[in-house]
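Only one structure is covered here, and it is reproduced in the block below.
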Amino acid sequence: MSTLLKEALNHCITDTNVSNIPEPYKGKVREVYTLNDDTLGIVVTDRISAFDYIMRQAIPFKGQILNQMAAFSFEKVKDIVPTHIKEVPHPNVTISKKCAPIPIEVVIRGYLTGHAWRTYKSGLRTLCGVTLPEGMVEHQKFEQPILTPATKATEGHDEDISEEEILSRGIVEEKLWNSIKETAFKLFERGTEVAAKQGLILVDTKYEFGLYNGELTLIDEVHTTDSSRYFYLDGYEARQAKGENQKQLSKEFLREWLMENEFQGLDGQTLPDLPDSFRIEVYERYAELFGLLTGKAFEPKLDKNINQSLEDLFEPYLK
């Protein structure tokens, strides 16, 4: 373990507090400051979550990896749809447009994996209103990617929803929904192309959208490890033919570790502590995907006084 990583274990960014700015909105990973009527300051922390629980221990440099991976991927898709990014002035920080969020997670799946496979394995053949073919096996590629939206819950779990329900309940107006759907499939196609060039398969992902001055805008993150699942392209067909598990890069390994330690977020279960050795392993997984996806090695930068950095970065945007 390098000296920098040892030091970083004790200087993870978990909570921020900037003087003269109202408390931020705190998500599982991001803290969002309203800087003015048009601008947000988004801080991507080192927190990590699974089963809707935030782990007590953070992952060194995870926020930097996610923020920079998202910036890389936003750049790759900005010709398809406007993005919320104004600038990325710090490894953990994105200055963004203040958009009105659309309360739907737009999930695109190219393969029968994860939640889709668990639904299929239970005997169901419909997911979010989409009919799934008979005779499929785990990790098999769909003939065409499918759209399986979810409601964006403010508390608790997101819930699957069909396109028909979205429209009948008036959650999104039909013309806007059609634009969202068309854009999401284009984004998935682009993400698939970028991943393939780097020897990866984009398995599934979720997109979030908002409106900025009435214009559809891509927000939150795009094609990162926290929003997407990737398989290694090399060996996919051979593993599939043998019925073996696919080699993947995603947060699934954290969920697997938690299950091995008897935690799935169920009543009566105790959230385990993450040992430093495992925290470093998680960091290495994230850094690996960053390198694979971007073609560049991740270069960590330790910030021991993030609050002062944020104060300096945000000051020019304050009224």
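Per-structure values
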read-out	value
Estimated FRET transfer efficiency when R0 is 25 angstrom, pair ASN20-ASN213 (beta carbons, to 0.05)	0.35
Cα-based reach from LYS247 at 24 Å (exclusive), listing lysines while leaving out same-chain residues under 8 positions away	LYS62, LYS121, LYS141, LYS197, LYS206, LYS296
From phi via Karplus (6.51, -1.76, 1.60), per-residue ³J(HN,Hα) for region 289-296 in Hz, x at Gly/Pro	5, 4, x, 5, 6, 9, x, 10
Long-range amide H partners of GLY27 with built H, under 5 Å	VAL32
Potential lengthening between ASP79 and ASP276 on full extension [0.36 nm per residue; Cα-Cα distance subtracted]	66.8 nm
Residues ARG255, ARG56 arranged by fewest to most Cβ contacts within 10 Å	ARG56, ARG255
Mean Cα-pair separation over length for region 190-319, i.e. relative contact order, pairs under 8 Å, 6 or more apart, %	19
Span from the region 224-288 Cα centroid across to the region 90-130 one, whole angstrom	18
Per-residue HN-Hα couplings for region 76-86 [Karplus 6.51, -1.76, 1.60; θ = phi - 60°; Hz; x = Gly/Pro]	6, 10, 5, 7, 8, 8, x, 10, 7, 6, 9
Cα-Cα pairs of region 101-249 separated by more than 17 Å (percent)	63
Estimated dipole of the chain in Debye, rounded to 20 [Cβ of Lys and Arg +1, of Asp and Glu -1, Cα centre]	500
Calculated FRET value between LYS242 and ALA196, using beta carbons and R₀ = 25 Å, to 0.05	0.65
Whole-number percent relative contact order across the chain, with pairs defined as alpha carbons under 8 Å at least 6 apart	21
Distant-in-sequence amide H partners of TYR207 (H built 1.01 Å from N, under 5 Å)	VAL106, VAL107, ILE108
Dipole magnitude of region 220-300, debye to nearest 20 (Cβ charges: Lys/Arg +1, Asp/Glu -1, about Cα centre)	320
Förster-model FRET efficiency, 30 Å R0, VAL130 and GLU262, C-beta, rounded to 0.05	0.30
Separation in nanometres of the label points that stand 7 Å from Cα toward Cβ, at GLU165 and ARG118	1.6
Cα gyration tensor shape of the chain, rounded if a/c is under 1.5, else prolate or oblate by comparing a/b with b/c	oblate
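No lab work stands behind these numbers, since they all come straight from the coordinates. Being a predicted model, the structure only gives us computed values, none of them experimental. Every residue, glycine among them, receives a Cβ derived from its backbone with ideal geometry; neighbour counts consider all protein chains shown.
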